[in-house]
1. Only residues that are under 13 Å from residue B:93 (Cβ atoms) and more than 14 Å from chain A (Cβ to nearest Cβ): list them for region B:158-174, please.
2. If you scan region A:9-31, which residues turn out to be outside any helix (DSSP H, G or I) and not hydrophobic (A, V, I, L, M, F, W, C)?
3. Which of the residues spanning region B:268-294 are at pLDDT below 95, outside any helix (DSSP H, G or I) and more than 20 Å from residue B:100 (Cα to Cα)?
4. Taking the condition in contact with a Pro (Cβ under 9 Å, 6 or more places away or on another chain) and surrounded by fewer than 19 Cβ atoms within 10 Å (Cβ to Cβ), does residue B:162 pass?
5. Got a number for residues in region B:207-220 being assigned to a loop (DSSP other than H, G, I, E, B) and open to solvent by 10 Å² or more (accessible area, probe 1.4 Å)?
6. So if I check each of A:238, A:308, A:252, which one is surrounded by 18 or more Cβ atoms within 10 Å (Cβ to Cβ), more than 10 Å from every other protein chain (Cβ to nearest Cβ) and either aromatic (Phe, Trp, Tyr) or touching a residue at least 24 places away in the same chain (Cβ under 8 Å) (or both)?
7. Test residue B:122 against the criterion of being more than 10 Å from chain A (Cβ to nearest Cβ), over 22 Å from the mean Cα position of the chain (by Cα) and free of Cβ contacts under 8 Å to residues at least 60 places away in the same chain, and give yes or no.
8. Tell me whether region B:45-58 contains one or more residues that are over 22 Å from the mean Cα position of the chain (by Cα) and among the polar types (S, T, N, Q).
Amino acid sequence: MTKSPNIILYLCLVYYLAAALVTPGFFTVNNTWNLLYNLMPLLIVAVGQMLVILTAGIDLSVTAIIAVTSVVGGYIMSADYSPVDSSSLAIALGILGMVITGGIIGLINGISVAKLKMPAFMVTLTGLMFFGGFAVWLTKSQNIYNLPAGLVDMPYTSFLGLPLPIWTGLLVLGLIYLVLNKSLLGEWIYAVGVNPKTSRISGVNVDLTIIMVYMLSGVTAAIGSVLYTARLETGSPVMGQNLLLDVIGAVVIGGTSLFGGKGLLQWTVAGAFFMAMLDNSLNLAGLSYFLIMIVKGVIILSAAMLNVWGERKVIWSA
Amino acid sequence: MLFRYYWSLLVIVGCLTAGCAAKEEGTVIGISFETLQTEYWVASIEAMKSVCEENGVGYLEAVANGDANRQFEQVNNFISRGVDGIVIAPKDAHTVIPIIKAANRAGIPIAIYNRLPAENEGDYITVVADNYEISRNTVEYMAEVARESGKKHKAMILIGDLGDINAVNRRRGFDDALAAHKDLIEVVAEVPTEWNQEKALAGVTNALQVNPDIDFIFSSSDFLFPSVVSALKNADKYHPIGHPDHVILGGFDGDAMAYRMLREKYLDADGVQDVFFECQESVLAVIRKMREEQVPDLIVDPGFVIHQQNLEQKAESMWGASF
C-alpha cells in the first residue's frame, strides 16, 4: 500500500483558505459545525465505497441501498406502521433492520462479483435500478412519516459536546481504520486491488475479500441512511438518489485509484470534506445552481483525469 | 512544515474574515427551490429575485435538484451564513418540517412558497394557490364546453405526485367538478405521473390505446402538456377547437406552452396561479416578519381560469404570456 502524500490534502487546505477569504460566512464557528454536520452521512457512505474501489470494483448501488434501508427503517419505526409499541425498541430494531438490509444487499452484490464473476459495474448498476425500483414499489412512491421523536431528535442530541451524527461518523471511521490498517482483511483488500491473481496464489481469500467489501459498503450506506432518515424525519424511497456523484467524487477526488490497490482512509476523508466544502462555499457565495453544477462537474472530472494520469505515469516509469 | 504555514495562514484568514464580518452586509434573504425543472419554478425564482431587488434586499439562491436532503443542507448553509429570512419552495409537505424547525431554532423568519406543509407546530408563513378551487373552476368550464357539444365524453386526468398536497387538491377539484356532470362525462383513465414527463407520455399513450375514444383531458400541470400533445399526435387526436375530433383540453399553472396552445386554439381552459402575487407575498411576508409586523400564517392566491372567451382580458395576468 502507498502512503505518499496526496495533492487533495493541499487542495483542501488551499480551497478552504480561499473560501474563507472570499466567501462571507464561511469561516465561522456556526458554519464549521454545519459543514461537519453535512459531511458526516456522505463521509460514512464514501468510506464504504472506498473499500470497494480499493479492490478495483465499484458500488453504484449505494444510493439505492440508502433508499431501501430508509424505507425498511421507516416501516419498522413509524408510528403508522410499526408493530412495536416502545419507541426506543422500535428505533433499535429499525436501525438494526436497516444495517442488516444494507449488509444483505452488499452480500448479494459481493457474491455476484466474486463467485459469479460478473463485472462490478453491471452488478451494481442493475442493483441501483432493481433496489431503487423496489423501494418505490414497496412504498407506492409515498414517504413514511411519524418516526419516533428519539430518532428525529438524534441529529440535535449531543454527547460529550459533540452531536451524535459526528460520533457516528467517528465510530465508522475508527472501525474502517482498524479494518484497513490493523487487520488481515485490510491487507487482503489492498492485495486484491493490486493483483487478484497473484493474491490468490499467495493465499489471499480473494472471494471472501470481495464479498466483505461489498457488505461493508452496504452497511456503511445503511448507516448513512440512518442519519439522512433521521434529519429529514422521513423514510423515503428516493432518499439519496442524487448522491452517487458526490460519493464516488469524494473517493476519486481523494485520490483512491480507480484501478484498485491504492488509497488511504484520510484521503477519502479529505475528498468527502472537499465535496461538502465545495457545496457549502458555492452555496454561501450565492452562485446559481447551474454554475455550482458546472464547477462540481469540472472538479470531479479533473480529479478523475489526475487519477488516471497518475496511474499511467506509474506504469510508464515502471 | 506545511501545517505550520497552514495554521499561520488560518490565523491571518481568521482576522480578515472577522474584519469582513464586522461590516454591515444589509438584509439578505435565502431563496431555496427544490427544482427549476419547469417554467413555473424558473418564473417564480426570477420573480422573487426581482421583488428582493425592488425592496433593496440582497438574496442568496439555492436549488436542490429535487433532493429533499440537499435542500435541507442548503437551508442550513443559509442559516449558518446568518441570512435574515428564508423563502422556500419545498420538495414536499413533510420534508419541509425539519427545515421549518431549523429556521425556528435559529430565529429566522421562513415563508413556504406554493406548497402547504403537513400539520406541524412550527412558526412559518405559507403562500399557496387555491389549487382545489382553481382546478374545480377550470374543469367546470371544460364540462360546460363538453355539454355544449351535445355529446357524451370520456375523460382522462393526469395526476401529479400524490405526496404533493397540490396534486391531491387538483385531483379533488377535478373529481368534484365532474361529479355534477356524471350523465355527460365518464372518467375512464387516471394517469399517475409523479410529475414526470416520461411517465406521463407512457401513461397517456397507454390510456389512449385502451380507450381510443377519450376526448376530455385535464392535466394537473401545464408542464406535462408536451407529453399529452405528443401522445395525442401519435393517436391522430390533436386537433384545434372547432374540429369534429377536437379533444377538450385543460391544464393548471399558466405557463408559456399553455398560453401558446390557447392562442392556437388547441387548449380550452387553463387554471392560472398568479406567480407574481405569490412571489411578492412570500418575500414581503418574510420582510414584514423580520420587522416584527403582523403577518397572517396563510396567504392564499385565488388564481383564475383563462379560456377562449376571456383570453384577451386575462392574458396580461397570465405569467406564461410574458415568459
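The values are calculated or read from the model by the stated rules, or taken from the named source; none is laboratory data. Because the structure is predicted, anything quoted here is derived from the model rather than measured. Cβ atoms come from the backbone with ideal geometry, glycine included; neighbour counts cover every protein chain shown. With ligands, DNA and RNA removed, areas are computed over all heavy atoms of the protein, side chains included. Shrake-Rupley method; radii C 1.70, N 1.55, O 1.52, S 1.80 Å.
1. Filtering region B:158-174 for residues under 13 Å from residue B:93 (Cβ atoms) gives B:160-169.
Correct list: B:166, B:169.
2. So in region A:9-31, the residues outside any helix (DSSP H, G or I) come out as A:23-28.
The answer is A:23, A:24, A:25, A:28.
3. B:273, B:274
4. On the way: in contact with a Pro (Cβ under 9 Å, 6 or more places away or on another chain): yes; surrounded by fewer than 19 Cβ atoms within 10 Å (Cβ to Cβ): yes.
In short, yes.
5. Filtering region B:207-220 for residues assigned to a loop (DSSP other than H, G, I, E, B) gives B:211-215, B:220.
From what is left, the residues that are open to solvent by 10 Å² or more (accessible area, probe 1.4 Å) are B:211-213, B:215.
Here the count works out to 4.
6. Values: A:238 fails: more than 10 Å from every other protein chain (Cβ to nearest Cβ); A:308 fails: surrounded by 18 or more Cβ atoms within 10 Å (Cβ to Cβ).
Result of the check over A:238, A:308, A:252: A:252.
7. Numbers: more than 10 Å from chain A (Cβ to nearest Cβ): yes; over 22 Å from the mean Cα position of the chain (by Cα): yes; free of Cβ contacts under 8 Å to residues at least 60 places away in the same chain: yes.
Yes; evaluated as a whole, the condition is true for this residue.
8. Scanning region B:45-58 turns up at least one residue that is over 22 Å from the mean Cα position of the chain (by Cα) and among the polar types (S, T, N, Q).
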